[in-house]
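I am attaching a structure below and will ask some questions about it afterwards.
What follows is calculated from the coordinates using simple rules that are stated; it is not laboratory data. Just so it is clear, the structure is predicted and the values come from calculations on it, not from any experiment. No Cβ is skipped: glycine too gets one built from the backbone with ideal geometry, and neighbour counts run over all protein chains shown.
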Amino acid sequence: MLILKGNIISSPKFGELSIVEHGYLISDVEGKIIGVFSTLPKEYDGKEVKDYGDKLIMQSFSDMHLHAPQYPMLGMGMDLQLIDWLNTYTFPTEANFKDNDLARKIYHRLALELIKNGTTRVAMFSSLHKEATLILMDELEKAGVCGYVGKVNMDRNGGVDLEETTEESIKSTNEWLKECKFTHVKPIITPRFTPSCTNELMEELGKIAKEHDLPIQSHLSENTGEIAWVKELHPDCKEYWETYKKYNLWNDKTLMAHCVHSSLKERTAMKDAGVYVVHCAASNNNLISGVAPIKLMKKEGLRVVLGSDIAGGDQLSMFDVVASTIKASKNRDIMDKWESGFLSVEEAYYLGTSAANSFFNEKEGFAKGNKLHCLVLDDSDLVSVRPLSVKERFERSMYLREKDAIKAVISDGRIVYNI
Ligand SMILES: [Zn+2]
């Protein structure tokens, strides 16, 4: 059980912020939230209170799209577009993860960095290597990161060093699923993207997802060259999304990264099926893919969450991802002749936190019964010419933080980081 005291900030609804100044956030012995209170309820008199003074206690982040084996190539190859970038930098880097010692070293570091930055839930791509994927899951579990990890499937167009045969891919996926025995980190079916998977493999992955009731993650309509390539590969499909739908890889537990160039028809298909759009603003900018119309997608009622998409994205911190999201939405507004509008800080923060809660079968914000996922932020080193409101401090924190500003991180009701 935890009783935290401080300025408590959460996002109960898209665009709304709940602030309880010098309030109490309480979780039970199972790590579930009991509630947020302005004064300590009588029954907790005499219990230990972790008093964080004037610091900000806010929902921690869910990074719903990132590639673990690309962590060592952060900030590299940023002058290339998607397909060239994959072939020149990404695939050769990922091929190294056949080495389990290397995987252990890099994934240990990545898991700690995620926690230090206040990311407590993820939906993550590993590489095609089964052993390295299990090592990644183990390191995340040990560090306190919750969520989903996928062994990547790719049986074509990966080059000599990063490709499985169809049989190997299916066999290794089934073995991996049997060996996944983690409490907080679960498997997710992960066809890399349509150009990486033969029809036979896609069909089999759809069956495996259904049989084991597993969620699915992949990429969709990121880059115009990619979309043209998918059309060539699937002349029977009018649009990219149909190549997933055709093989039962399209439902309300499906995460599709990017969707930068999705047509109205593709967006409607996502809305109708309950598919999540994972918006990766920094990556779409770095790889010159485009600017996804997120404001429009929200207006149309789509489910939108955020991803750092390292290493297409250049920052692991979801604070930076939220700031990138706001900036990208402003660029989109300019492109739309100031007619589409842009995301406010509250809206973008919601997308980086509460919007993903439904994927984990939870309600928005610090709702009663949710597992407690939060971080404690100290902004006292920053300067200002007047006293700032908690809301102003919250806004500033998305753009600006001193080193080690995050003082504590709680994941699934456990203190997993504390300095
Ligand atoms: Zn990606």
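What is the diffusion coefficient of the stretch 59-217 in µm²/s, taking the Kirkwood radius over Cα pairs and the Stokes-Einstein relation at 25 °C with a viscosity of 0.890 mPa s?
My calculation gives 156 µm²/s for D.
Rounded to the nearest 10 degrees, what's the angle between the helix 264-273 long axis and the longest principal axis of the chain, both from Cα atoms, 0 to 90?
Relative to the chain, helix 264-273 is tipped by roughly 70 degrees.
In addition: Percent of Cα-Cα pairs more than 14 Å apart in the stretch 358-419, please.
The proportion of pairs with Cα distances above 14 Å equals 65 percent.
How long are the three semi-axes of the equivalent ellipsoid for the stretch 273-393, computed from the Cα gyration tensor as the root of 5 times each eigenvalue, in whole Å, largest first?
One finds semi-axes of 24, 21, 15 Å for the stretch 273-393.
May I ask for the Rg/Rh ratio of the stretch 189-277, computed from Cα atoms with Rh as the Kirkwood radius, given to two decimals?
0.92
Can I ask one more? For the chain, set up a GNM with springs between Cα atoms under 10 Å and report which of 75, 147, 312 has the largest fluctuation.
Answer for the Gaussian network model of the chain: 75.
Out of all DSSP beta bridges in the stretch 12-122, what portion is antiparallel? Express it as a percent rounded to 5.
Within the stretch 12-122, antiparallel bridges account for around 60 percent of the total.
Give me 350, 247, 276, 44 sorted ascending by neighbouring Cβ count inside 10 Å, so fewest comes first.
Lowest to highest Cβ neighbour count: 44, 247, 276, 350.
Continuing with the same structure: In the P(r) worked out for the stretch 157-202, what percent of Cα pairs fall beyond 12 Å?
Cα-Cα pairs of the stretch 157-202 separated by over 12 Å account for 67 percent.
Give me the net charge of residue 91's neighbourhood, meaning all other residues with Cβ under 12 Å from the Cβ of residue 91; Lys, Arg count +1, Asp, Glu -1.
Surrounding charge for residue 91 is -3.
Could you list 85, 229 in order of exposure, starting from the residue whose Cβ has the fewest other Cβ atoms within 10 Å?
Ordered by Cβ neighbours within 10 Å, fewest first: 229, 85.
Same structure, new question: For Cα pairs less than 8 Å apart in space and 6+ apart in sequence, what is the mean separation divided by the residue count of the stretch 271-419, i.e. the relative contact order in percent?
Worked out over the stretch 271-419, it gives 19 percent.
Can you say what percent of the DSSP beta bridges in the chain, counting only those with both residues inside, are antiparallel? Round to 5.
The antiparallel fraction comes to roughly 45 percent.
If r is the Cβ-Cβ distance from residue 99 to residue 330 and R0 is 51 Å, what FRET efficiency results, to the nearest 0.05?
0.75
Round to the nearest 10 and give me the degree value, 0 to 90, for the angle of helix 130-143's Cα axis relative to the longest principal axis of the chain.
It works out to around 0 degrees.
Provide, in order from the shortest bin, the percent of all Cα-Cα pairs of the stretch 61-352 in each 10 Å bin, continuing until the bin that contains the maximum pair distance.
Spelled out bin by bin, the stretch 61-352 gives 7, 31, 39, 21, 3, 0 percent.
Further question on the same structure: Pick out, from 405, 96, 128, the residue whose Cα sits farthest towards the positive end of the charge dipole of the chain, with +1 on the Cβ of Lys and Arg and -1 on the Cβ of Asp and Glu.
Value computed over the given set: 405.
Compute a Gaussian network model of the chain, connecting alpha carbons closer than 10 Å, and tell me which residue from 82, 382, 287 fluctuates the most.
Maximum fluctuation in the GNM of the chain, among the listed residues, is at 382.
In the calculated pair distance distribution of the stretch 203-350, what percentage of Cα-Cα distances lie above 23 Å?
The proportion of pairs with Cα distances above 23 Å equals 36 percent.
Suppose only helical runs count, i.e. DSSP H with n ≥ 4. What mean residue ellipticity at 222 nm does that imply for the chain under -39500 (n - 2.57) per run, divided by all residues and rounded to the nearest 500 deg cm²/dmol?
Per the formula, -10000 deg cm²/dmol.
Which of 365, 118, 158 moves the most in a Gaussian network model of the chain with Cα springs under 10 Å?
Looking only at 365, 118, 158, the biggest GNM fluctuation is shown by 158.
Give the residue from 343, 26, 375 lying farthest towards the positive end of the charge dipole for the chain; charges sit on Cβ (+1 for Lys and Arg, -1 for Asp and Glu) and the dipole is referred to the Cα centre.
Among 343, 26, 375, the one farthest towards the positive end of the dipole of the chain is 26.
For the stretch 61-352, calculate the relative contact order in percent as a whole number, restricting contacts to Cα pairs under 8 Å that are 6 or more residues apart.
Relative CO of the stretch 61-352 lands at 19 percent.
Against the longest principal axis of the chain, how steep is helix 390-399, in degrees 0 to 90 to the nearest 10, with axes from Cα atoms?
Value to nearest ten degrees: 30.
Compare the Cα positions of 302, 160, 87 along the charge dipole of the stretch 61-352 (+1 at Cβ of Lys, Arg; -1 at Cβ of Asp, Glu; about the Cα centre) and return the one farthest towards the positive end.
302
Using unit Cβ charges (K, R positive; D, E negative) and no other charged atoms, how large, in debye to the nearest 20, is the dipole of the stretch 125-261 about its Cα centre?
Once rounded to the nearest 20, the dipole reads 400 debye.
Can you compute the charge dipole magnitude of the chain about its Cα centre, using +1 on each Lys and Arg Cβ and -1 on each Asp and Glu Cβ, nothing else charged? Give it in debye, rounded to the nearest 20.
For the chain, the charge dipole is close to 1020 debye.
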